[in-house]
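*Asks:* What follows is a structure written as structure tokens; I'll ask about it next.
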Amino acid sequence: MGKTVGLAGAGSIAFGTAALLHDAGHDPMLWSPSGSGTADLAAGQALTAVGALEATLKPRIADNPDKLARQNDVLIVALPGYGHKAVLDALAPHIEERHHVIVSSHASLGAIYLMQLLAERGITVPITAWGTTICTGRRQSGAEVKVNTVRSRVDLCTVPEARSNEALCLCQTLFGDRFQPRDGLLAISLSNLNPQNHMGIALGNITRMEHGETWSQGANVTPKVGRLLEQLDLERLEIAGALGLEVKTIFEHFHLSFHVPIASISEMNQQMHMQGNGGIGPATADSRYVTEDVPYGLVLTAALGRLTGHPAPLHEAGIRIFSAMYGRDFEEENEILKALDLSSHSLEDLRRAAKTGLLQ
């Protein structure tokens with residue numbers, strides 16, 4: 001029997017994830033926090049997925065977080081990181097012990113933030129953090145999404161740690177055997193390669209983004225952009241190593257996510273382009289590649305680098321360069337890390353919280 005699954009979000013990832021759930025025999029419901037993302041679906045249009053997944057469905061629609069929680073046993077947070085805190089604040093009063101929460105993908109210790117909100121109510125539920133999304137895609141219209149790829153491997157962990165096996169079984173029931181357990185939330189945070197990759201891609205192509213051009217992302221990971229991505233990856237791997245954590249390399253990421261043979265990062269992206277799944281780059285400077293991945297990705301990696309005594313100068317430089325470009329202080333925009341007051345806690349506090357979900 002299929003699961004009832006509520007998705008908080010109504011963008012390309014939420015649409016693609018809903019289509020995957022439907023294809024596997026489950027019953028998804030979508031909640032758009034703004035209300036606009038599901039307007040066409042609420043008016044009767046079917047959700048259509050094309051590309052790597054072909055599906056047509058009429059998902060249930062929620063118009064508030066209470067309904068989403070009340071009518072589903074599994075809740076998936078599936079929207080950009082800058083929307084996580086507001087959605088977690090909205091969902092937390094309605095979550096019950098029967099629920100299982102999945103964060104797709106985990107941004108800046110949001111699982112700890114939610115666990116602490118629930119602890120204030122005396123509630124404990126398993127919260128599963130994914131290192132990346134189950135699929136990639138782009139919203140084509142009000143009710144259509146193009147799914148570029150369905151990932152063959154997604155890193156995950158669950159807090160509290162004692163619920164890990166249960167959570168892995170649930171994720172496999174929902175999406176199949178495509179999950180790689182990792183050792184706690186810090187490993188998951190460092191498993192998300194999008195921030196570093198998107199930083200290099202956006203830096204190398206910012207004028208294309210500002211001009212609103214249509215451009216192939218894979219084709220424009222040229223040798224020098226690819227080399228920057230490889231150097232950024234070395235910083236992330238050094239921090240993971242200092243924490244005693246095993247995470248996949250950037251080469252493994254592209255190989256497992258986009259099914260191309262391992263080579264240089266530029267060559268792998270050129271191969272993705274030739275196969276037709278290199279993706280289309282952002283056509284606006286107001287892209288999550290910057291507005292999500294800098295404050296909710298690069299900022300956390302840089303903070304972990306400082307805490308471990310392994311600073312990440314390229315990540316730090318990226319934060320400052322984008323802040324200068326956009327006239328914004330991206331470090332200050334991370335609402336979750338500010339709420340957790342990370343600077344007042346030790347590395348050992350953080351290590352414990354990565355397993356328990358509670359930062360004490």
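*Asks:* Tell me the residue from 139, 153, 182 that is of a type outside the set (Val, Ile, Thr), at pLDDT below 95 and closer than 22 Å to residue 113 by Cβ, please.
*Replies:* 182
*Asks:* When residues of segment 2-22 are filtered for being farther than 16 Å from residue 99 by Cβ and open to solvent by 10 Å² or more (accessible area, probe 1.4 Å), how many remain?
*Replies:* 7
*Asks:* Any residue at all in segment 187-202 that is at pLDDT 95 or above, surrounded by 16 or more Cβ atoms within 10 Å (Cβ to Cβ) and of a type in the set (Val, Ile, Thr)?
*Replies:* Among the residues of segment 187-202, at least one is at pLDDT 95 or above, surrounded by 16 or more Cβ atoms within 10 Å (Cβ to Cβ) and of a type in the set (Val, Ile, Thr), which makes the answer yes.
*Asks:* Follow-up. Against the definition (closer than 18 Å to residue 81 by Cβ and either at pLDDT below 95 or open to solvent by less than 20 Å² (accessible area, probe 1.4 Å) (or both)), how does residue 302 come out, yes or no? Don't jump to the end; show me each part of the working.
*Replies:* Values: closer than 18 Å to residue 81 by Cβ: yes; either at pLDDT below 95 or open to solvent by less than 20 Å² (accessible area, probe 1.4 Å) (or both): yes.
Here the answer is yes, as residue 302 does meet what is asked.
*Asks:* So, in segment 265-280, of the ones that are within 18 Å of residue 204 (Cβ to Cβ) and out of contact with any helix residue (DSSP H, G or I) (no Cβ under 6 Å at 6 or more places or on another chain), which residue ends up most open to solvent (accessible area, probe 1.4 Å)?
*Replies:* Restricting to residues being within 18 Å of residue 204 (Cβ to Cβ) and out of contact with any helix residue (DSSP H, G or I) (no Cβ under 6 Å at 6 or more places or on another chain), the top hit is 267.
This table checks each residue for (1) in contact with a strand residue (DSSP E or B) (Cβ under 9 Å, 6 or more places away or on another chain); (2) open to solvent by 10 Å² or more (accessible area, probe 1.4 Å).
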| site | (1), (2) |
| --- | --- |
| 26 | yes, yes |
| 34 | no, yes |
| 43 | no, yes |
| 77 | yes, no |
| 85 | no, yes |
| 93 | no, yes |
| 127 | yes, no |
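*Asks:* Only one of these conditions is not met by residue 167: (1) open to solvent by less than 40 Å² (accessible area, probe 1.4 Å); (2) farther than 17 Å from residue 298 by Cα; (3) not in a helix (DSSP H, G or I). Which number is it?
*Replies:* (3)
*Asks:* For segment 344-360, name all the residues that are touching a residue at least 40 places away in the same chain (Cβ under 8 Å) and farther than 21 Å from residue 164 by Cβ.
*Replies:* The one that is touching a residue at least 40 places away in the same chain (Cβ under 8 Å) and farther than 21 Å from residue 164 by Cβ: 347.
*Asks:* Another question, if that's okay. Is it the case, given these coordinates, that residue 69 is open to solvent by 10 Å² or more (accessible area, probe 1.4 Å), over 27 Å from residue 250 (Cβ atoms) and touching a residue at least 40 places away in the same chain (Cβ under 8 Å)?
*Replies:* It is false that residue 69 is open to solvent by 10 Å² or more (accessible area, probe 1.4 Å), over 27 Å from residue 250 (Cβ atoms) and touching a residue at least 40 places away in the same chain (Cβ under 8 Å).
*Asks:* Which pairs have Cβ atoms under 7 Å, sit 6 or more apart or on different chains, and link a residue in segment 96-120 that is farther than 11 Å from residue 359 by Cβ and open to solvent by 30 Å² or more (accessible area, probe 1.4 Å) to one that is at pLDDT 95 or above and of a type in the set (Gly, Ala, Ser)?
*Replies:* 117/92
*Asks:* Are there any pairs with C-beta distances below 8 angstrom linking a residue in segment 257-276 that is free of Cβ contacts under 8 Å to residues at least 60 places away in the same chain to a residue that is hydroxyl-bearing (Ser, Thr, Tyr), with the two at least 6 apart or on different chains, and if so which?
*Replies:* Partner pairs satisfying both residue conditions: 266/222; 273/216.
*Asks:* Could I ask something else about it? Of all the helices (runs of 4 or more DSSP H) wholly in segment 229-316, which have at least 3 residues that are under 18 Å from the mean Cα position of the chain (by Cα) and small (Gly, Ala, Ser)?
*Replies:* Counting at least 3 such residues, we get no helices (runs of 4 or more DSSP H) at all.
*Asks:* How many residues does segment 327-346 hold that are more than 22 Å from the chain's Cα centre (by Cα) and surrounded by 15 or more Cβ atoms within 10 Å (Cβ to Cβ)?
*Replies:* Residues flagged as more than 22 Å from the chain's Cα centre (by Cα) and surrounded by 15 or more Cβ atoms within 10 Å (Cβ to Cβ) within segment 327-346 amount to 2.
*Asks:* Another question, if that's okay. Write out, first by first residue and then by second, each pair whose Cβ atoms fall under 6 Å of each other, whose residues are 6+ apart or on separate chains, and whose first residue, in segment 283-306, is in contact (Cβ under 8 Å) with a residue 40 or more places away in the chain and closer than 15 Å to residue 192 by Cβ while the second is among the polar types (S, T, N, Q) and in a helix (DSSP H, G or I).
*Replies:* As it stands, the answer is 293/194; 300/189, since those pairs meet every condition given.
Let's see how each residue does on (1) more than 21 Å from residue 303 (Cβ to Cβ); (2) among the β-branched types (Val, Ile, Thr); (3) surrounded by 15 or more Cβ atoms within 10 Å (Cβ to Cβ):
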{"residue": "210", "(1), (2), (3)": "yes, no, no"}
{"residue": "214", "(1), (2), (3)": "yes, yes, no"}
{"residue": "226", "(1), (2), (3)": "yes, no, yes"}
{"residue": "233", "(1), (2), (3)": "no, no, yes"}
{"residue": "242", "(1), (2), (3)": "no, no, yes"}
{"residue": "262", "(1), (2), (3)": "yes, yes, no"}
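*Asks:* So residue 253 fits all but one of (1) loosely packed, with under 14 Cβ neighbours inside 10 Å; (2) closer than 20 Å to residue 288 by Cα; what number is the exception?
*Replies:* (1)
*Asks:* Another question, then. When residues of segment 219-238 are filtered for being farther than 26 Å from residue 188 by Cβ and among the charged types (D, E, K, R), how many remain?
*Replies:* 2
The values are calculated or read from the model by the stated rules, or taken from the named source; none is laboratory data. This is a predicted model, so every value here is computed, not measured. A quick note on method: Cβ atoms are made from the backbone with ideal geometry, for glycine too, and the neighbour counts reach across all protein chains shown. Ligands, DNA and RNA are excluded from the accessible area calculation, which covers all protein heavy atoms including side chains. Shrake-Rupley method; radii C 1.70, N 1.55, O 1.52, S 1.80 Å.
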